[in-house]
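Each remark here refers to the structure printed beneath this line.
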Amino acid sequence: MTPTIHILNGPNLNLLGKRQPDIYGHDTLEDVAAQCAEIGQAAGLGTLLRQSNWEGQIVDWIHEARETAAGIIINPAALTHTSVAVLDALNTFEGPVIEVHISQVHKREAFRHHSFVSHRADAVMAGFGIHGYALAMRHMAHLLD
Ligand code: DQA
């Protein structure tokens with residue numbers, strides 16, 4: 001079976017492309033899905049991109065990933081800075097986890113500087129725009145090689 005990377009996205013990222021384009025750019029989550037799928041295909045990896053505005057849904061998808069994912073790429077969005085529940089869920093996952101932020105969070109408000117998820121993430125991308133997801137996919141392929 002083809003190993004699959006789950007690409008999980010938190011609150012408000014359904015509006016990517018429309019939401020504060022000066023910060024997050026004009027590309028959409030569909031563009032992200034297409035780029036990740038292309039990179040995955042070349043590396044022999046499947047991809048499944050999901051987005052939810054609900055913390056519990058993200059937790060449930062991480063639990064599902066325990067059984068079905070070779071690795072997780074996650075942009076927890078605002079949950080990055082608030083959610084011990086998402087961190088605890090990721091701590092139950094045994095494969096590689098890469099945290100992605102489209103914006104350079106360390107250049108922004110102080111409340112964005114702390115990430116609960118970084119306590120678990122094996123790598124963190126911030127400030128690469130949506131290209132950060134593509135870079136994370138390439139690194140994931142390297143980690144799973
Ligand atoms: C974000 C950064 C977070 O601080 C913010 O709450 C988001 C998106 C990013 O991708 O840059 O919603 O994770």
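The values are calculated or read from the model by the stated rules, or taken from the named source; none is laboratory data. Please read all numbers here as calculations on a predicted model, not as lab measurements. Positions of Cβ are generated from backbone atoms using ideal geometry, with glycine treated the same way; all protein chains shown enter the neighbour counts. Calculation scope for accessible area: heavy atoms of the full protein, side chains included, ligands and nucleic acids excluded. Shrake-Rupley method; radii C 1.70, N 1.55, O 1.52, S 1.80 Å.
Scan region 5-27 residue by residue and report those that are under 14 Å from the mean Cα position of the chain (by Cα) and either within 16 Å of the ligand (Cβ to nearest atom) or not hydrophobic (A, V, I, L, M, F, W, C) (or both). Those that are under 14 Å from the mean Cα position of the chain (by Cα) and either within 16 Å of the ligand (Cβ to nearest atom) or not hydrophobic (A, V, I, L, M, F, W, C) (or both): His6, Ile7, Leu8, Asn9, Gly10, Pro11, Asn12, Leu13, Asn14, Leu16.
Considering only region 105-116, I want to know if a residue exists there that is of a type in the set (Asp, Glu) and in contact (Cβ under 8 Å) with a residue 12 or more places away in the chain. No, region 105-116 has no match at all.
With the condition kept exactly as written, say whether any residue in region 90-97 is open to solvent by less than 50 Å² (accessible area, probe 1.4 Å) and either within 13 Å of the ligand (Cβ to nearest atom) or at positive phi (or both).
Narrowing region 90-97 to residues open to solvent by less than 50 Å² (accessible area, probe 1.4 Å): 90, 93, 95-97.
From what's left, either within 13 Å of the ligand (Cβ to nearest atom) or at positive phi (or both): none.
Within region 90-97 (the criterion being open to solvent by less than 50 Å² (accessible area, probe 1.4 Å) and either within 13 Å of the ligand (Cβ to nearest atom) or at positive phi (or both)), the answer is no, since none of the residues qualifies.
Just to be sure, is Gly71 more than 13 Å from the chain's Cα centre (by Cα) and open to solvent by less than 70 Å² (accessible area, probe 1.4 Å)? Lay out the reasoning, then the answer.
Values: more than 13 Å from the chain's Cα centre (by Cα): no; open to solvent by less than 70 Å² (accessible area, probe 1.4 Å): yes.
No; evaluated as a whole, the condition is false for this residue.
Close contacts from region 19-34, counting a first residue that is closer than 11 Å to Ile102 by Cα and in a helix (DSSP H, G or I) and a second that is open to solvent by 60 Å² or more (accessible area, probe 1.4 Å) and within 11 Å of the ligand (Cβ to nearest atom), with Cβ to Cβ under 9 Å and a gap of 6+ residues or different chains, come to Tyr24/Leu15. For region 107-122, a tally of residues being surrounded by 17 or more Cβ atoms within 10 Å (Cβ to Cβ) and of a type outside the set (D, E, K, R) returns 4.
For every residue, the table says whether it meets (1) in contact (Cβ under 8 Å) with a residue 60 or more places away in the chain; (2) of a type outside the set (D, E, K, R); (3) more than 10 Å from the ligand (Cβ to nearest atom).
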{"position": "Ala37", "(1), (2), (3)": "no, yes, yes"}
{"position": "Leu49", "(1), (2), (3)": "no, yes, yes"}
{"position": "Ile62", "(1), (2), (3)": "no, yes, yes"}
{"position": "Pro76", "(1), (2), (3)": "yes, yes, no"}
{"position": "Val84", "(1), (2), (3)": "no, yes, yes"}
{"position": "Met125", "(1), (2), (3)": "no, yes, no"}
{"position": "Tyr133", "(1), (2), (3)": "yes, yes, no"}
{"position": "Leu143", "(1), (2), (3)": "yes, yes, yes"}
